[in-house]
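Enquirer: Questions regarding the structure given below will be posed in turn.
The values are calculated or read from the model by the stated rules, or taken from the named source; none is laboratory data. Note that the coordinates shown come from a computational prediction; the quantities given were computed from them, not determined experimentally. When we count neighbours, we look across all protein chains shown, and the Cβ atoms used for this are built from the backbone with ideal geometry, even at glycine. SASA here: full protein model, heavy atoms, side chains in, ligands and nucleic acids out. Shrake-Rupley method; radii C 1.70, N 1.55, O 1.52, S 1.80 Å.
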Amino acid sequence: MQNKLRKSSTDKALYGVCGGIAEFFGISSFVVRLIFFFTASVSIWVYIILVWALDDKPSL
């Protein structure tokens, strides 16, 4: 099965982008959120683009 980058339907604070990235790489979503926090000047734009670009993960 091919793993695709999608927004998370279970691990979401706002839109599920960080949770989806964490699920894709198999790491903690807390780590992804810390990276986004410490690189806020760039990551805010990346986050906005990913909100529009990523598909929602189908709910079970």
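Enquirer: Those residues that are aromatic (Phe, Trp, Tyr) and more than 22 Å from Gln2 (Cβ to Cβ), I need them from region 16-51; list them, please. Explain how you work it out, then say what you get.
Expert: From region 16-51, those aromatic (Phe, Trp, Tyr) are 24-25, 30, 36-38, 45, 47; that's our starting set.
Within region 16-51, Phe30, Phe36, Phe37, Phe38, Trp45, Tyr47 qualify.
Enquirer: Where residues in region 1-22 are in contact with a strand residue (DSSP E or B) (Cβ under 9 Å, 6 or more places away or on another chain) and open to solvent by 70 Å² or more (accessible area, probe 1.4 Å), which of them is farthest from Ala53 (Cα to Cα)?
Expert: That would be Tyr15.
Enquirer: Within region 2-11, does at least one residue satisfy the condition of being outside any loop (DSSP other than H, G, I, E, B) and among the acidic types (Asp, Glu)?
Expert: For region 2-11, residues outside any loop (DSSP other than H, G, I, E, B) and among the acidic types (Asp, Glu): absent.
Enquirer: Which residues, taken from region 16-29, are assigned to a loop (DSSP other than H, G, I, E, B) and more than 8 Å from the chain's Cα centre (by Cα)? Break it down stepwise before answering.
Expert: Just the residues of region 16-29 that are assigned to a loop (DSSP other than H, G, I, E, B), to begin with: 16, 26-28.
Gly26, Ile27, Ser28 - these are the residues of region 16-29 that are assigned to a loop (DSSP other than H, G, I, E, B) and more than 8 Å from the chain's Cα centre (by Cα).
Enquirer: In the set Val42, Val46, Val51, Val32, which member is surrounded by 17 or more Cβ atoms within 10 Å (Cβ to Cβ) and assigned to a helix (DSSP H, G or I)? Give the steps one after another, and end with the answer.
Expert: On the way: Val42 fails: surrounded by 17 or more Cβ atoms within 10 Å (Cβ to Cβ); Val46 fails: surrounded by 17 or more Cβ atoms within 10 Å (Cβ to Cβ); Val51 fails: surrounded by 17 or more Cβ atoms within 10 Å (Cβ to Cβ).
Within the list Val42, Val46, Val51, Val32, the selection yields Val32.
Enquirer: Next up: Out of all the residues in region 24-46, which are under 15 Å from Asp11 (Cβ atoms) and either aromatic (Phe, Trp, Tyr) or touching a residue at least 24 places away in the same chain (Cβ under 8 Å) (or both)?
Expert: Correct list: Phe24, Phe25, Phe30, Phe36.
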